[in-house]
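*Asks:* One structure, as structure tokens, below. Some questions next.
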Amino acid sequence: MSNNYFRHHIRTMASYAPSEQPQPGTEIIKLNSNENPYPPAPGVLDLLKNINGEWLRRYPEPLGGEFRRAASQVLGVPHDWIIVGNGSDEVLNLVVRACSEPGRKVVYPIPTYVLYNTLSQIQGAEIIEIPYRENDTFPAEELMAADGNVTFIASPNSPSGQIVPTKDLSRLASQLSGVLVIDEAYVDFAQENALDLVKEYDNVIVIRTLSKGYSLAGLRLGFGVANPRLLDGLFKVKDSYNIDAIACALGAVAITDQAYKNSCVAKVKASRTQLAADLKQLGFQVGDSQTNFLLVQPPLGNAQYLYQQLKERRILVRYFPQPGLDDKLRITVGTDQQNQVLVETLRQICS
């Protein structure tokens, strides 16, 4: 196939590389994609067993109305302040498509979620990557000086796991002339959130997902919250029917059952504390985390070797072959039993 079929930006860019996804039914401990180890809310599974065929025959609500109304009640924001996407990744994509192009800047601190880079390259935008300072200190001044047309901040951040204080995000929003995207994919596991900033600044969008806290990574449902004036431009580039009827209905049930979600989150956070302690006992350096994963540095820095050894033993973790991360592993918090197997396996490998 001729490369001439594609735009220059597409010919020269690398594809986004998602984590390994083994075939369903494979006997493996999967701690590489930050999935929730617990099942979705019981009401979600009950509804799934009683899907109405009429939902499939007809087109769905174009704006995901059922989910918008449920999320509005839970979050305390008007329903027309919510945009629903096929995973939060689609909402990130809508922002980039609507707000960037060649000659317009997309800015974000690194290391962070690499999809920001991929989406920006597709649009041919000018990309400005600003390294976190020593000890993962947030580079607020540098981000304000760059003044991107779009500025992405993942809080909590992946792969580091730390949160950006809301006061720092507020100061950033007040100084930027472009859109500030606060990606809160892991917010359910964190101590604070920045949702109130959308009421204070009309250039802020907070983006969330049901993949992590709600155990619905396979459903592909996420959403953004922002002033309707900002959402208006995103709706213009959204696919006509981007959210299927089943995802919308199941998502509405999931987000309404906050008690179940919070109970699963509490278990993950307790397991996170125990896993961090166990890994420290093995000599690993473990960063503070407000997510459902840990970024750890093995005592010998031999992260790639450990990743391969674990994989051979049917345990998947995430390894990033890039500067600043190539001596570390990102490990999703599993069930206590899964975490115990991981720790014992690492003990055997390291000995």
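The values are calculated or read from the model by the stated rules, or taken from the named source; none is laboratory data. Keep in mind that what you see is a predicted model, and the values were worked out from it rather than measured. Methodologically, a virtual Cβ is constructed for each residue, glycine included, from the backbone with ideal geometry; neighbour enumeration extends over all protein chains shown. Just the protein is used for accessible areas: all its heavy atoms, side chains included, with ligands, DNA and RNA removed. Shrake-Rupley method; radii C 1.70, N 1.55, O 1.52, S 1.80 Å.
*Asks:* Could you tell me which of the residues PHE320, PHE284, PHE293 is open to solvent by 20 Å² or more (accessible area, probe 1.4 Å), hydrophobic (A, V, I, L, M, F, W, C) and in contact (Cβ under 8 Å) with a residue 12 or more places away in the chain?
*Replies:* So the residue among PHE320, PHE284, PHE293 that is open to solvent by 20 Å² or more (accessible area, probe 1.4 Å), hydrophobic (A, V, I, L, M, F, W, C) and in contact (Cβ under 8 Å) with a residue 12 or more places away in the chain is PHE320.
*Asks:* Tell me the residue from ALA277, ALA303 that is out of contact with any strand residue (DSSP E or B) (no Cβ under 6 Å at 6 or more places or on another chain) and at pLDDT 95 or above, please. Spell out the reasoning first.
*Replies:* Working: ALA303 fails: out of contact with any strand residue (DSSP E or B) (no Cβ under 6 Å at 6 or more places or on another chain).
Just one listed residue meets the conditions, ALA277.
*Asks:* Answer with yes or no whether VAL150 is in the same structural domain as THR112 (by the TED database) and closer than 14 Å to ALA194 by Cβ.
*Replies:* Working: in the same structural domain as THR112 (by the TED database): yes; closer than 14 Å to ALA194 by Cβ: no.
Here the answer is no, as VAL150 does not meet what is asked.
*Asks:* Taking ARG57, is it without any contact (Cβ under 8 Å) to a residue 40 or more places away in the chain and either in the same structural domain as VAL296 (by the TED database) or open to solvent by 30 Å² or more (accessible area, probe 1.4 Å) (or both)? Steps first, please.
*Replies:* Numbers: without any contact (Cβ under 8 Å) to a residue 40 or more places away in the chain: yes; either in the same structural domain as VAL296 (by the TED database) or open to solvent by 30 Å² or more (accessible area, probe 1.4 Å) (or both): yes.
For ARG57, the condition - without any contact (Cβ under 8 Å) to a residue 40 or more places away in the chain and either in the same structural domain as VAL296 (by the TED database) or open to solvent by 30 Å² or more (accessible area, probe 1.4 Å) (or both) - is met.
*Asks:* Out of segment 126-174, which residues are among the small types (Gly, Ala, Ser), more than 23 Å from TYR319 (Cα to Cα) and part of a loop (DSSP other than H, G, I, E, B)? Before the answer, list the steps.
*Replies:* Within segment 126-174, the subset among the small types (Gly, Ala, Ser) is 140, 145-146, 148, 154-155, 158, 160-161, 170, 173-174.
Filter once more, so that each one left must be more than 23 Å from TYR319 (Cα to Cα): 140, 145-146, 148, 170, 173-174.
GLY148, the sole residue that qualifies.
*Asks:* Can you name the residue in segment 142-173 that is hydrophobic (A, V, I, L, M, F, W, C) and touching a Leu at 6+ places or on another chain (Cβ under 8 Å) and is also surrounded by the most Cβ atoms within 10 Å (Cβ to Cβ) among such residues? Spell out how you get there, then give the answer.
*Replies:* In the first step, residues of segment 142-173 are kept if they are hydrophobic (A, V, I, L, M, F, W, C); the result is 143-146, 150, 152-154, 163-164, 169, 172-173.
Filter once more, keeping what is touching a Leu at 6+ places or on another chain (Cβ under 8 Å): 143-144, 152-153, 169, 172-173.
Details: LEU143: 23, MET144: 17, PHE152: 26, ILE153: 24, LEU169: 22, LEU172: 22, ALA173: 22.
By that ranking, first place goes to PHE152.
*Asks:* Which of (1) open to solvent by less than 70 Å² (accessible area, probe 1.4 Å); (2) more than 22 Å from GLY222 (Cα to Cα) does VAL44 not meet, given it meets every other one?
*Replies:* (2)
*Asks:* I'd like the full set of residues that are of a type in the set (Val, Ile, Thr), farther than 12 Å from GLY148 by Cα and open to solvent by 50 Å² or more (accessible area, probe 1.4 Å), limited to segment 117-131. Break it down into steps so the answer makes sense when it comes.
*Replies:* Filtering segment 117-131 down to residues of a type in the set (Val, Ile, Thr) leaves 118, 122, 127-128, 130.
Checking the rest, the ones that are also farther than 12 Å from GLY148 by Cα come to 118, 122.
Matches in segment 117-131: ILE122 only.
*Asks:* If you don't mind, another one. What do you reckon, is SER177 open to solvent by 10 Å² or more (accessible area, probe 1.4 Å), farther than 19 Å from CYS99 by Cα, part of a loop (DSSP other than H, G, I, E, B) and among the polar types (S, T, N, Q)? So that I can check it myself, show each step before the final result.
*Replies:* Details: open to solvent by 10 Å² or more (accessible area, probe 1.4 Å): yes; farther than 19 Å from CYS99 by Cα: no; part of a loop (DSSP other than H, G, I, E, B): yes; among the polar types (S, T, N, Q): yes.
The answer is no for SER177.
*Asks:* Sticking with this structure for a sec: Counting only residues that are within 18 Å of the chain's Cα centre (by Cα), of a type in the set (Lys, Arg) and open to solvent by 50 Å² or more (accessible area, probe 1.4 Å), which one in segment 215-273 is farthest from TYR59 (Cα to Cα)?
*Replies:* LYS269
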